[in-house]
Amino acid sequence: MEPKLTIVIPIYNEVESLDEILRQIAAVDVGMQKELILVDDCSTDGTREILKRIENKAEPSTKIFYHDINKGKGATLRTGFQHITGDITLIQDADLEYDPGDYPKLLQPILADEADVVYGSRFMAGRQEGLLRSYLANRFLTFLSNVVNGTNLTDMETCYKVMKTPMLQEIAATLQSDRFGFEPEITAKLAKRKCRIVDVPITYRGRDYHEGKTVNWKDGIAAIFHILRFRFFRD
């Protein structure tokens, strides 16, 4: 049977980018079936109307779910993880910062059995487009995560995380973070299980706050707490 890639897309107020990111995903050839799981986190900008239109003509390989209240990215991903049927799972944001054209290079280490998990790094080739303060914050959080988890990553906070599905499903039941604590939490739990994690360079176009960037300094402080919490105090 042909292997299947499940792409989980957390969505919140992406009325301007949703159609385009789905077009890009459909256009990329990954050499396997693609399953899309779209989870809307109570959007209020017209995104739901787009999803309802998609739902009316969607293929069986596209599944759409809705939150009645805004719960955060981590909670939205946990909803999506409950419905995965693919052999490999990839997380994709809906905001056009990350390029689906990178899917083949993200998948290659897993398909070659060189890794269990692949992180798409925005920083392996140097700083890419985006806010300087976000770059510096991400570099510090990645450094701290590497120190406490014994990993050697260059971009712990990246959206692009690709995993063998059985491994993700084992961890998914223990995930607790509702917001952006998801990134340090899943990294810590993968490291505890001695998973083979590698990172590969990706292309990236960072949005600024005028374009809807929602991560702020409070999320950075929370991330430090989560890095320490999930390494030392939680399974």
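Odds and ends about this structure:
- Just one residue in the set 33, 108 is polar (S, T, N, Q) and in contact with a strand residue (DSSP E or B) (Cβ under 6 Å, 6 or more places away or on another chain); that residue is 33.
- In region 1-31, the residues that are hydrophobic (A, V, I, L, M, F, W, C), open to solvent by less than 70 Å² (accessible area, probe 1.4 Å) and in contact (Cβ under 8 Å) with a residue 40 or more places away in the chain: 5, 7, 8, 9, 11, 18, 21, 25, 28, 30
- Count - residues of region 76-86 that are open to solvent by 10 Å² or more (accessible area, probe 1.4 Å), of a type in the set (S, T, N, Q) and within 14 Å of the chain's Cα centre (by Cα): 1
- Residue list for region 40-51, restricted to those being open to solvent by less than 50 Å² (accessible area, probe 1.4 Å) and of a type in the set (S, T, N, Q): 43, 47
- Single match in 37, 54 (criterion: open to solvent by 20 Å² or more (accessible area, probe 1.4 Å) and not in a loop (DSSP other than H, G, I, E, B)): 54
- Applying a threshold of 9 Å to beta carbon distances and a minimum spacing of six or more residues, or different chains, the list of pairs starting in region 172-187 at a residue that is of a type in the set (Gly, Ala, Ser) and ending at one that is open to solvent by 40 Å² or more (accessible area, probe 1.4 Å) and in a loop (DSSP other than H, G, I, E, B) reads 172/82.
- Cβ-Cβ contacts under 9 Å between residues 6 or more apart (or on different chains), taken from a first residue in region 218-235 that is modelled with pLDDT under 80 and in a helix (DSSP H, G or I) to a second residue that is of a type outside the set (D, E, K, R) and open to solvent by 100 Å² or more (accessible area, probe 1.4 Å), are listed as 220/140.
- The lone exception for residue 166 - which of (1) closer than 17 Å to residue 75 by Cα; (2) at pLDDT 95 or above; (3) out of contact with any strand residue (DSSP E or B) (no Cβ under 9 Å at 6 or more places or on another chain) it fails: (1)
- Among the residues listed as 64, 69, the single one being farther than 21 Å from residue 204 by Cβ and surrounded by fewer than 16 Cβ atoms within 10 Å (Cβ to Cβ): 69
The values are calculated or read from the model by the stated rules, or taken from the named source; none is laboratory data. Please read these numbers as outputs of a predicted model, since none were measured by experiment. Neighbour counts are summed over all protein chains in view; Cβ atoms, including those assigned to glycine, are modelled from backbone coordinates with ideal geometry. All accessible areas refer to the heavy atoms of the entire protein, side chains included, with ligands and DNA or RNA removed. Shrake-Rupley method; radii C 1.70, N 1.55, O 1.52, S 1.80 Å.
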